[in-house]
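Contents: one structure, followed by commentary.
The values are calculated or read from the model by the stated rules, or taken from the named source; none is laboratory data. Since this is a predicted model, take the numbers as computed values, not measurements. Here the Cβ is made from the backbone with ideal geometry for all residues, glycine too, and neighbour counts use every protein chain on show. Ligands, DNA and RNA are excluded from the accessible area calculation, which covers all protein heavy atoms including side chains. Shrake-Rupley method; radii C 1.70, N 1.55, O 1.52, S 1.80 Å.
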Amino acid sequence: MSDERTRTVKSASTLFGVLEAVHRLDGGGATAVAEELDIAKSTAHDHLATLAEHEFLIKEGGRYRVGLKCLHYGVQAKSRMVLADVVRPSLEQMAEETGEIAWVMVEEYGKGVYLEKAMGDRAVQPYGEIGKRVPLHNIAAGKAILAHLPEERVREIVTETPLEERTETTVSDPDELLAELETVRERGYALNDGETFDGFRAVASPVVDDGELLGSIVVSGPENRLSDERFTQELPEIVTGAANAIELSMASR
């Protein structure tokens, strides 16, 4: 690769890094972005100005925030997801029946992406937001997805990035995780028992259409409400039933 092309690729990488930094910081100026990325303030300023010129960022005084042009791209990406068209009724039914929050998740580049949600009357939301990308290994929705990917792909995902140990119950050993995924495949659903946050639980099931994994659906809530048989029997029946309803909807299209 020529020196000129190398500089061009590096500049493009920095540009996207600046955009992502503004998102992480929930807005900021050149100084904050430069510190976040460990780059020169002048470099940060130039890239911020370029992104604002192309309407990806909005400048307010000396600060920048993500512009709605990014929403346009996200909406288009979401509209191309097959699950987005059929999942809403089942998601709302799960939320209403359980009183908790229900999500649908898909996998992209080895991460889980929250695609859609429905809120029950007692729902709490400690970490998820639509469009957020998260590791797959320590959440029920992620394990439901991993369990139905080829083992070679799973090993690729879990070895690319170390498995972060969020709590004492997080599975951070790849071989132990693979063994758990075998259990998930056999019983048809995945559990999260305080692996992301202490005192928070979730139950998830994969959604498969004609042998193709589309994503997963999940219900989550506080441990004191998702306890005993409600966690191990009632919610798995609700979630797997909803996944089956979605799959039937897909088949009848």
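The table below gives the values:
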{"item": "Pairs with Cβ under 7 Å, 6+ apart, first in the stretch 88-116 and without any contact (Cβ under 8 Å) to a residue 60 or more places away in the chain, second surrounded by fewer than 22 Cβ atoms within 10 Å (Cβ to Cβ) and hydroxyl-bearing (Ser, Thr, Tyr)", "result": "none"}
{"item": "Qualifying residue in the stretch 190-198 (condition: among the hydrophobic types (A, V, I, L, M, F, W, C), open to solvent by less than 10 Å² (accessible area, probe 1.4 Å) and at pLDDT 95 or above)", "result": "yes"}
{"item": "Glu107 open to solvent by 50 Å² or more (accessible area, probe 1.4 Å), closer than 15 Å to Val207 by Cα and modelled with pLDDT of 95 or more", "result": "yes"}
{"item": "Top-ranked residue in the stretch 52-70 [being within 25 Å of the chain's Cα centre (by Cα) and part of a helix (DSSP H, G or I); ranked as surrounded by the fewest Cβ atoms within 10 Å (Cβ to Cβ)]", "result": "Lys69"}
{"item": "Looking only at the stretch 133-173, and only at residues there that are basic (Lys, Arg) and open to solvent by less than 70 Å² (accessible area, probe 1.4 Å), the one that is farthest from Tyr189 (Cα to Cα)", "result": "Arg153"}
{"item": "Close pairs from the stretch 187-207: first under 13 Å from Gly241 (Cβ atoms) and assigned to a loop (DSSP other than H, G, I, E, B), partner modelled with pLDDT of 95 or more and open to solvent by less than 30 Å² (accessible area, probe 1.4 Å), Cβ under 7 Å, at least 6 apart", "result": "Gly188/Ser205; Tyr189/Ala144; Tyr189/Val203; Tyr189/Ala204; Tyr189/Ser205; Tyr189/Pro236; Tyr189/Val239"}
{"item": "Test: residue in the stretch 26-46 that is in contact with a Phe, Trp or Tyr (Cβ under 8 Å, 6 or more places away or on another chain), free of Cβ contacts under 8 Å to residues at least 12 places away in the same chain and open to solvent by less than 70 Å² (accessible area, probe 1.4 Å)", "result": "no"}
{"item": "Out of Ala77, Ala123, sole residue that is out of contact with any strand residue (DSSP E or B) (no Cβ under 8 Å at 6 or more places or on another chain), over 18 Å from Asp209 (Cβ atoms) and not in a strand (DSSP E or B)", "result": "Ala77"}
{"item": "Within the stretch 212-246, tally of residues that are assigned to a helix (DSSP H, G or I) and open to solvent by less than 60 Å² (accessible area, probe 1.4 Å)", "result": "12"}
{"item": "Meets criteria (open to solvent by 70 Å² or more (accessible area, probe 1.4 Å), part of a helix (DSSP H, G or I) and touching a residue at least 40 places away in the same chain (Cβ under 8 Å)) for His23", "result": "yes"}
